Structure formats: structure tokens, C-alpha cells
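Let me begin by presenting the structure, written as C-alpha cells, before commenting on it.
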Amino acid sequence: MQAYEFINNLIPPLKINDKAKMALSWMEEIRTNILPVVKDGMFLGFLSDDLIYTMNNPNLKIGEFEFDSPACFVYLDKHIYDVIKVASENGVNMVAVVDRDNQYLGVVTMEDAIGAFADTLSIQSHGAVVVLSMFMTDYSLFEISRIIETENAKILSSFISNDPLDDSKIKLTLKLDQSELRHIKATLERFGYKIIDHYQEEAGVSEDKDRIGNLLRFLDI
């Protein structure tokens, strides 16, 4: 799950001698609003269509613009989580990938990164999601897993986030390999765990919609 594995080779880098009108043409063709800019193999930042339209001169060379997010890059061996983190920090929908000599290798789009992230969370696997609220000091995935396995279920993946209703607690989101949650919920509650939400598979939902919906629910978006 390293960044270089998800480089999108369909997105070309701009060079400083390219013209703005060519950048706009490429953006329209590949349906993006930003493109990476490279000079002598080094990543300089991203150029947006908004900036080009603001300058209102299609014959300007790319090197005459100020570039956004020059720090929006990751090294090729960074995990896909780091790609998403850097994109979020910079507010862009793609992240440049460079080698350890800072040579530009390509970009990873957020669409590709989120798809990879979804795969790591077993989003496509059949089952259900249960969300627990607890103090961090009470968190033990080993103990929770042991309890869930007594109901012949297994944890496929887990995700920790802050509890927006209580700063002193965390939310633990679990993807399970079972769709029926009644007995699992009862057992967890018997051992003192507070369940604040759960999601079970619904029949008749298309695979694509199911994938997207499950991902958004899993991440609590």
C-alpha cells in the first residue's frame, strides 16, 4: 500500500515553458482543476485553472505563475494513509510522489487513494459495522475481538476516531464478517461496551452504491 503503487499515469506534469492554454486543454481533457508543475525533474507545486482564468492570458508560460501547495508531496514508499493526510492538509485532490532524491515520479489522485483506503478497511467484504464509544484507557482490540469471537464473528478491520460528543472518549468503528448484529450487540453491552451506532447490509442495493455508502458510513462522513 505504498504511494508509488497508486501513481496515476494519465495525469501529465506541466513544464515551466508550457503555455497556460495548453494547461487548460489538458485539464478539460482529463477533467481536473489542477495539474502538477515540474522543472528539471523536481516538483514545484500545482497550478489551478482558477489562477489561469484570473491572470486571463492564455499565452502566459507556466513559469510565470505562482504555484500552490509546493509541500503537497510524499515519498514513494509512504503509506496510502500519508497520501490522504497530505491531501487533506493542503486541500487538494491529488498529491505528488517523489523519490528519495526528490525527483518527481507522478501523482496519486484522491479517487485512487480513497479506493485503496477502502480496500484496506474491508469495505467491499460482506458484513456489518458497529461503532463503540469508550475511554482510550479502556481500549483493547484483543479483548473486544475475543468477545466478538464468542458469537462466531470476526473483526475484519477497525478504525479509531475522536468522539465528537465527548472529547475524553474515542469512537471505535469495527467492520465484522457477520451481517446479523443482535447477539453481538447484546454480548458487547453485557461486557460494558457502549454501542452508539451500527450499520447492517441491506438487500437489493447495487454493488457500486453499496461500496460508496459503506465507505462513507464507515468513516462517519
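The values are calculated or read from the model by the stated rules, or taken from the named source; none is laboratory data. Note that the structure is a prediction, hence the values are computed from the model and not measured. Here the Cβ is made from the backbone with ideal geometry for all residues, glycine too, and neighbour counts use every protein chain on show.
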Residues in the range 157-174: is at least one more than 16 Å from Y139 (Cβ to Cβ), assigned by TED's automatic domain parsing to the domain that holds V129, of a type in the set (S, T, Y) and surrounded by 14 or more Cβ atoms within 10 Å (Cβ to Cβ)?
no
Condition first: surrounded by fewer than 16 Cβ atoms within 10 Å (Cβ to Cβ) and either assigned to a helix (DSSP H, G or I) or among the charged types (D, E, K, R) (or both). Now tell me which residues in the range 188-199 satisfy that.
E189, R190, K194, D197
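Let's see how each residue does on (1) touching a residue at least 40 places away in the same chain (Cβ under 8 Å); (2) part of a helix (DSSP H, G or I); (3) more than 21 Å from the chain's Cα centre (by Cα):
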{"site": "V92", "(1), (2), (3)": "yes, no, no"}
{"site": "D101", "(1), (2), (3)": "no, no, yes"}
{"site": "M134", "(1), (2), (3)": "yes, no, yes"}
{"site": "F159", "(1), (2), (3)": "yes, no, no"}
Close pairs (6 angstrom Cβ cut-off, 6 or more residues apart or separate chains): assigned by TED's automatic domain parsing to the domain that holds I144 in the range 189-200, part of a loop (DSSP other than H, G, I, E, B) and of a type in the set (S, T, Y) anywhere:
Q200/S179
Condition first: surrounded by 13 or more Cβ atoms within 10 Å (Cβ to Cβ) and either not charged (D, E, K, R) or not assigned by TED's automatic domain parsing to the domain that holds A153 (or both). Now tell me which residues in the range 175-187 satisfy that.
L176, Q178, S179, L181, H183, I184, T187
From the list G63, G41, pick out the single residue that is among the small types (G, A, S), in contact (Cβ under 8 Å) with a residue 60 or more places away in the chain and surrounded by fewer than 15 Cβ atoms within 10 Å (Cβ to Cβ).
G41
Scan the range 74-97 for residues that are modelled with pLDDT of 95 or more and not hydrophobic (A, V, I, L, M, F, W, C) and report the count.
1
Looking at K85 and the list (1) assigned to a loop (DSSP other than H, G, I, E, B); (2) assigned by TED's automatic domain parsing to the domain that holds A20; (3) of a type outside the set (S, T, N, Q), which single condition is not satisfied?
(1)
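Assess whether A153 counts as being modelled with pLDDT of 90 or more and either touching a helix residue (DSSP H, G or I) at 6+ places or on another chain (Cβ under 7 Å) or not in a loop (DSSP other than H, G, I, E, B) (or both).
On the way: modelled with pLDDT of 90 or more: yes; either touching a helix residue (DSSP H, G or I) at 6+ places or on another chain (Cβ under 7 Å) or not in a loop (DSSP other than H, G, I, E, B) (or both): yes.
Judged against the criteria, A153 is a match.
Residue-by-condition table, conditions (1) buried (at least 20 other Cβ atoms within 10 Å of the Cβ); (2) assigned by TED's automatic domain parsing to the domain that holds P13; (3) at pLDDT below 95; (4) under 21 Å from E29 (Cα atoms):
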| residue | (1), (2), (3), (4) |
| --- | --- |
| L47 | yes, yes, no, yes |
| P58 | no, yes, yes, yes |
| S69 | yes, yes, yes, no |
| C72 | yes, yes, no, no |
| D99 | no, yes, no, no |
| G106 | yes, yes, no, yes |
Within the range 123-156, restricting attention to residues that are polar (S, T, N, Q) and within 28 Å of S168 (Cα to Cα), which residue is surrounded by the most Cβ atoms within 10 Å (Cβ to Cβ)?
S133
